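Student: I have a structure here, written as structure tokens, and I will follow up with some questions on it.
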Amino acid sequence: MPLLGVPSFAELIIIFGVIFLLFGAKKLPELGGAIGESIKNFKKGLKDDDTSKQLSDTSASNKKPTDTQQDSDKHNPPTA
């Protein structure tokens, strides 16, 4: 049983020929543009998600202690 892998050049030509027959010459540029736009939006969404996660991580580490914590630290210095 042959392994499934990358299609050969002849198979790619047949696949693109069938796509061309199904969608026609007029629809192919629109289809390509829509796929490109989708990929761009997907990458932007991933980037925005990573940025928001980093911002939430840094904001959690930069929180200032509350007034009650500062007052208790003044009266009870840490012992070593």
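The values are calculated or read from the model by the stated rules, or taken from the named source; none is laboratory data. From a predicted model like this one, the values you see are computed outputs, not experimental measurements. Glycine also receives a Cβ, built like all others from the backbone with ideal geometry; neighbour counts cover every protein chain displayed.
Student: Among the numbered criteria (1) modelled with pLDDT under 80; (2) in a helix (DSSP H, G or I); (3) not hydrophobic (A, V, I, L, M, F, W, C), which single criterion is violated by residue 29?
Tutor: (1)
Student: Right, here's the next one. Could you grab the pairs with beta carbons closer than 9 Å, sequence gap of 6+ or different chains, first residue in region 33-48 and farther than 22 Å from residue 23 by Cβ, second one loosely packed, with under 10 Cβ neighbours inside 10 Å?
Tutor: As it stands, the answer is none, since no pair meets every condition given.
Student: Among 23, 42, which is the only one that is more than 20 Å from the chain's Cα centre (by Cα) and at pLDDT 75 or above?
Tutor: Unique residue meeting the criteria: 23.
Student: Give region 10-42 a look and list any residue that's charged (D, E, K, R) and exposed (fewer than 10 other Cβ atoms within 10 Å of the Cβ), or say none.
Tutor: 26
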